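Worksheet: one structure, shown below.
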Amino acid sequence: MALSVSTSSTSAISGSSFSRAGGNHNELRAAPRIGSFRLLDRVQAASVALNVSQRRSLVKPVNAEPKRNDSIVRSAATIVAPEVEEKVDVKVEDYDQLAKDLDGASPLHIMDKALEKFGDDIAIAFSGAEDVALIEYAKLTGRPFRVFSLDTGRLNPETYQFFDAVEKHYDIHIEYMFPDAVEVQALVRNKGLFSFYEDGHQECCRVRKVRPLRRALKGLRAWITGQRKDQSPGTRSEVPVVQVDPVFEGMYGGVGSLVKWNPLANVEGQVVWSFLRAMNVPINSLHTKGYVSIGCEPCTRPVLPGQHEREGRWWWEDAKAKECGLHKGNLKQEAGVNGNGSAHANGSADLFDTKDLVTLSRPGIENLLKLENRKESWLVVCYAPWCPFCQAMEASYIELAEKLAGSGVKVGKFNADGDQKEFAKQHLQLGSFPTILFFPKHSSKPIKYPSEKRDVDSLMTFVNALR
Ligand code: SF4
């Protein structure tokens with residue numbers, strides 16, 4: 001079915017999008033799938049009037065990833081300007097206000113609004129649990145929609161069977177995101193298959209969940225989650241129905257380039273279950289075995305009657321901070337006596353923890369500022385452990401440190417929070433966290449990284465331009 005499409009160029013989060021008439025779920029079968037996107041598609045699509053298939057070929061698949069880069073933003077070489085004149089509609093949306101306006105709205109209404117606004121540039125994040133309700137609501141809107149899921153490689157067999165059942169029930173293809181094989185291999189070879197029981201779940205979740213999620217979101221302008229306030233009193237009690245994503249970046253890059261919709265934020269678990277039963281929606285059979293919240297097999301267990309659902313996740317860890325990194329923005333800074341964030345929100349004490357990165361003390365960074373000739377150049381991030389933007393760049397910065405190891409550029413970090421903040425403002429050009437500085441080999445004056453794009457490629461380009 002051809003769609004009437006009026007395209008619009010938008011700023012990162014402008015609130016405008018293309019509108020469409022019609023659309024059904026069979027069209028989703030024709031949507032770009034993993035590995036299906038080809039340069040040829042774009043070239044062919046550019047020269048004639050827009051219709052459905054051409055519009056889809058101008059939209060990136062959620063999973064297309066160049067090498068090991070986190071970005072799936074199309075490269076300049078693949079962008080072909082359509083011959084149809086585009087209407088520029090720069091309307092900036094106030095998402096705080098929109099969240100207030102929609103706070104009493106039904107999940108169906110919120111879902112409809114989300115799909116209407118973002119079209120093909122939004123996707124439902126499906127965990128394989130009761131958030132199948134999101135897919136049901138999306139279907140009820142009558143609009144086309146996309147669904148992606150993170151296959152960590154550690155899910156229960158029941159969850160894989162459930163994915164299959166959902167695909168068949170809705171006649172959709174779930175766009176699965178997989179972890180980087182080399183990273184998983186390194187983790188398992190170094191630390192074994194169950195390292196999370198000994199040193200916490202963050203590292204494994206970062207490799208198997210957060211990085212694949214980051215790649216998926218880089219192909220979108222918005223995503224839809226099944227977060228509910230009642231899921232976790234410690235971390236989700238203030239989840240709004242829509243927000244500018246406080247942690248992840250969307251396809252246009254930079255802070256604020258992604259919108260996060262949580263249509264179930266105000267819905268209680270019981271109500272979701274009533275809805276699923278009423279609509280005769282397939283469910284994960286683990287639910288019939290006592291599981292409520294469902295994640296990876298080694299990190300999820302059934303809960304007893306009366307136990308909170310999140311008690312079944314990472315039960316060996318702090319009960320208040322059970323986020324896997326997918327919704328880090330829910331975690332708040334806890335102010336210490338001197339204004340320092342007292343802890344990295346997901347329970348660890350610090351950020352950027354890798355052997356390839358040097359932790360600089362105050363004398364260490366003062367030394368860097370004094371030296372006019374050093375053996376190597378340095379790249380240093382001035383950060384605060386509680387800062388969500390620092391947390392958001394953690395994976396990229398660690399990956400960068402790994403890439404630069406032994407290359408003649410040292411990578412360091414300096415905790416510039418608390419007592420160090422004034423010093424950092426005066427001598428390290430600290431305006432806000434994070435501030436990234438390059439110390440050239442033959443100069444004591446550091447050069448500040450000017451961009452908010454903190455992916456590996458952007459940072460590497462900066463380093464290579466100055467080294
Ligand atoms: Fe790894 Fe457990 Fe996190 Fe799954 S939930 S990615 S197995 S730590």
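Over all other residues within a Cβ to Cβ distance under 13 Å of Met279, the charged ones net out to 0, with Lys and Arg as +1 and Asp and Glu as -1. Modelled this way, with points 7 Å down the Cα-to-C-beta line, the labels at Ala186 and Trp273 are 4.3 nm from one another.
Taking R0 as 30 Å, what's the FRET efficiency between Leu108 and Glu203 from their Cβ-Cβ distance, rounded to 0.05? Working from the Cβ atoms, E equals 0.20. Packing around the peptides 110-116, 256-262, taken as the average count of other Cβ atoms within 10 Å per residue, puts them in this order, highest first: 256-262, 110-116.
Label-to-label distance, Asp101 versus Gln161, with points set 7 angstrom from Cα along the beta-carbon direction: 4.6 nm. For the peptides 141-150, 401-410, residues were scored by their other Cβ atoms within 10 Å and the scores averaged per peptide; the highest-first order is 141-150, 401-410.
With R₀ set to 22 Å, the beta-carbon distance separating His442 from Asp419 gives a calculated FRET efficiency near 0.10. Sorting 388-397, 427-436, 270-279 by average packing, meaning the other beta carbons within 10 Å per residue, from highest down gives 388-397, 427-436, 270-279.
Under conditions of 20 °C and 1.002 mPa s, region 100-151 yields 187 µm² s⁻¹ as its translational diffusion coefficient, taking Rh as the Kirkwood radius over Cα pairs in the Stokes-Einstein equation.
In region 102-185, Cα pairs under 8 Å separated by at least six residues give a relative contact order of 28 percent. Across the accessible surface of region 137-217, with the other protein chains kept in place and a 1.4 Å probe, carbon and sulfur atoms take up 54 percent. P(r) tail, region 164-297: Cα-Cα pairs separated by more than 18 Å, 69% of all pairs. Measuring nothing but protein heavy atoms, the accessible surface of region 253-305 at 1.4 Å probe radius is 56 percent carbon and sulfur.
For each pair in Lys191/Lys229; Lys168/Lys218; Lys209/Lys403; Lys113/Lys229, compute the distance between the two Cα atoms and list the pairs where it is over 24 Å. Going by Cα-Cα distance, Lys191/Lys229; Lys168/Lys218 fall outside the 24 Å limit.
The values are calculated or read from the model by the stated rules, or taken from the named source; none is laboratory data. Everything numeric here is computed off the predicted structure, so don't read it as measured data. Reconstructed Cβ throughout: ideal geometry from the backbone, glycine too, with neighbour counts over all protein chains shown. What goes into the accessible areas is simple: the full protein's heavy atoms, side chains included, and nothing from ligands, DNA or RNA. Shrake-Rupley method; radii C 1.70, N 1.55, O 1.52, S 1.80 Å.
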